[in-house]
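Before anything else, here's the structure in question.
Rule-based calculations on the coordinates, nothing more; no lab input. Just so it is clear, the structure is predicted and the values come from calculations on it, not from any experiment. Don't worry about glycine lacking a Cβ; one is built from the backbone with ideal geometry, like all the others, and counts go over all protein chains shown.
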Amino acid sequence: MFITCLDLEGVLVPEIWIAFSEATGIPELRRTTRDEPDYDKLMQYRIAILNEHKLGLREIKQTIAKIEPLPGAKKFLDELRALTQVLILSDTFEQFASPLMEKLCRPTIFCNTLECNVDGKITGYKLRCQNGKLATVRALQSVGFETIAAGDSFNDLAMIQASKAGFLFKSTEQIIKDYPNIPAYTEYDELLDAIKNAMSA
């Protein structure tokens with residue numbers, strides 16, 4: 001039995017932090033896991049910038065409310081879910097993801113949790129588990145699933161490489177260049193066909 005594991009941001013929805021960077025005019029917040037492989041370093045960097053500008057969860061949620069899935073994402077996800085089980089594995093946070101999942105008809109997502117004080121100031125974060133994407137893929141494999149994985153960033157590489165089939169989707173030129181052995185696609189139809197082929201191989 002197959003289960004397909006997908007990243008969220010950059011694959012199905014726009015990058016939340018980039019959208020928030022554009023909304024606030026703070027260019028430093030454009031930095032994502034495409035740019036920084038060390039997730040803890042990235043999050044501490046973000047929290048410091050938010051504190052400096054006195055921004056918190058309320059302001060980020062106001063931006064998220066305006067974000068729509070990437071063009072074609074919902075159709076792709078609907079077609080994929082008709083073929084196979086799908087699990088979204090993301091390093092985003094449940095506080096961010098919930099309104100976006102509504103727009104995608106509530107697929108299952110595993111993600112992390114923000115720690116906030118009563119005023120909505122972000123004080124830290126709690127990982128669901130260390131190396132959550134790879135750990136989840138390994139756990140699925142241990143109970144009999146064959147996994148297929150797709151993502152766009154450094155933090156997706158481990159789950160992609162550990163799966164029966166793995167793909168880069170809408171990734172950066174540098175990541176594609178550094179990992180030429182991983183098939184890379186930019187269109188949903190291409191990715192859907194690649195997943196179908198992997199399932200029939």
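Going by the alpha-carbon gyration tensor, a ≥ b ≥ c the square roots of its eigenvalues, is the range 62-138 rounded (a/c under 1.5) or, if a/c is not under 1.5, prolate (a/b greater than b/c) versus oblate?
Cα axes put the range 62-138 in the oblate bin.
Where a Cα-Cα gap under 15 Å defines reach, which aspartates and glutamates qualify for Lys177, not counting those fewer than 8 residues away within the same chain?
Leaving aside aspartates and glutamates fewer than 8 places away in the same chain, those within reach of Lys177 are Asp35, Asp152.
I would also like to ask the following. Please identify the trypsin sites (Lys or Arg not before Pro) of the range 19-90 that satisfy two criteria: DSSP loop assignment and at most 12 other Cβ atoms within 10 Å. Which are they?
Lys54, Lys66
Between Asp40 and Leu83, what FRET efficiency follows from the Cβ-Cβ distance if R0 is 30 Å, with the result rounded to 0.05?
0.25
Still on this model: For Lys196, give me every one of the aspartates and glutamates with a C-alpha distance below 15 angstrom, ignoring sequence neighbours fewer than eight places off in its own chain.
Asp78, Glu79, Glu146, Glu187
Using just the helices of the chain, give the 222 nm mean residue ellipticity in deg cm²/dmol: DSSP H runs with n ≥ 4 each add -39,500 (n - 2.57), and the total is spread over all residues, rounded to 500.
Details: 9 runs with 88 residues, N = 201.
After summing the helix terms and dividing by the residues of the chain, the value is -12500 deg cm²/dmol.
Kindly express, to the nearest 10 degrees and within the range 0 to 90, the angle between helix 132-142's C-alpha long axis and the longest C-alpha principal axis of the chain.
30 degrees
What do you get for Rg/Rh of the range 97-201 when both radii come from the Cα atoms and Rh is the Kirkwood radius? Walk me through the numbers on the way to the answer.
Details: Rg = 16.1 Å, Rh = 15.7 Å.
Here the Rg-to-Rh quotient is 1.02.
For the chain, take the longest principal axis of its alpha carbons; what is the angle in degrees between that and the long axis of helix 94-103, to the nearest 10 within 0 to 90?
Around 60 degrees separate the two axes.
Another question about this same structure. Match the structure shown to one of the listed values (1) 70, 43, 29; (2) 52, 33, 32; (3) 58, 33, 31 of Cα extents along the principal axes in Å, computed from it, and give that label.
For Cα extents along the principal axes in Å, the calculated option is (2).
Under the Karplus relation 6.51 cos²θ - 1.76 cosθ + 1.60, θ = phi - 60°, what is the ordered set of whole-Hz ³J(HN,Hα) values for the range 58-75, x standing for Gly and Pro?
Whole-Hz 3J(HN,Hα) from phi for the range 58-75: 4, 5, 5, 5, 5, 6, 4, 4, 8, 7, 10, x, 4, x, x, 5, 5, 4.
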